[in-house]
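J.: This is the structure I have questions about; it appears just below.
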Amino acid sequence: MSKSIFLIFSHKLIDSQIEELKSNNITSFIYLPSSLQILWSNVPPDLGELKGYLKPIIEWLKNNAKRGDWVLVQGDFGAVFTVVDFCFYNGLVPVYATTKKNTIEKMENGRLIKVSQFEHIRFRKYERM
């Protein structure tokens, strides 16, 4: 059975991520609309609670996702928790990307330069205890 993935994070998928998702029967990749992307990428650090702020994103999921669809959720810790909690209660499958960090050191013009490269490893489902 084919599924969709709703992408609630601040980047674009890379080829290896797309291939992995396709191997899990994901056939539709749905990014946040631009107005919601701006909201997600700019969670104000001074807000005491996030439910009201995140309501447009939750409503978007309610109106578009169906039981069994995946939701890639990465970003502000509190916002992630709220969206993941919503996913669990509504039969959606929340996931996040795991990466491996490779650091390369090189000398340039007498200065040590460190470059970090991140390699996608896999998607992991959020779990409850």
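J.: May I ask you to evaluate 6.51 cos²θ - 1.76 cosθ + 1.60, the Karplus curve with θ = phi - 60°, for each residue of the stretch 16-25 and list the ³J(HN,Hα) values in order in whole Hz, giving x for glycine and proline?
T.: After applying 6.51 cos²θ - 1.76 cosθ + 1.60, I find 5, 5, 4, 4, 4, 5, 4, 5, 9, 6 Hz.
J.: Follow-up. Using Cα springs under 10 Å in a Gaussian network model of the chain, which residue among V95, V115, V83 shows the largest mean-square fluctuation?
T.: V115
J.: Also, I was wondering about something else. Using Cα positions and a limit of under 18 Å, work out the lysines in reach of K51, with same-chain residues fewer than 8 apart set aside.
T.: Of all the lysines, those that pass the test against K51 - Cα under 18 Å, at least 8 places apart if same chain - are K62.
J.: Can you pull the three principal axis extents for the Cα set of the chain, in Å, largest first?
T.: Sorted from largest, the Cα extents of the chain read 56, 41, 33 Å.
J.: Name the most mobile residue of L72, L61, L36, meaning the one with the largest mean-square fluctuation, in a Gaussian network model of the chain with Cα contacts below 10 Å.
T.: L36
J.: Helix-derived [θ] at 222 nm for the chain: sum -39500 (n - 2.57) over DSSP H runs of at least 4, divide by residue count, nearest 500?
T.: When only DSSP H runs of four or more count, the value is -10500 deg cm²/dmol.
J.: Kindly write out, for the stretch 76-82 in residue order, the coupling ³J(HN,Hα) from the Karplus curve 6.51 cos²θ - 1.76 cosθ + 1.60 (θ = phi - 60°), rounded to whole Hz, with x marking Gly and Pro.
T.: 3, 4, x, 5, 4, 4, 4
J.: Which of L112, L54, L92 moves the most in a Gaussian network model of the chain with Cα springs under 10 Å?
T.: L112
J.: Picking from S16, I38, V80, whose Cα lies most toward the positive end of the charge dipole for the stretch 11-106 (charges on Cβ: Lys, Arg +1; Asp, Glu -1)?
T.: Of the listed residues, the answer is S16.
No lab work stands behind these numbers, since they all come straight from the coordinates. Just so you know, these numbers come straight off a predicted model, no measurement behind them. Neighbour counts are summed over all protein chains in view; Cβ atoms, including those assigned to glycine, are modelled from backbone coordinates with ideal geometry.
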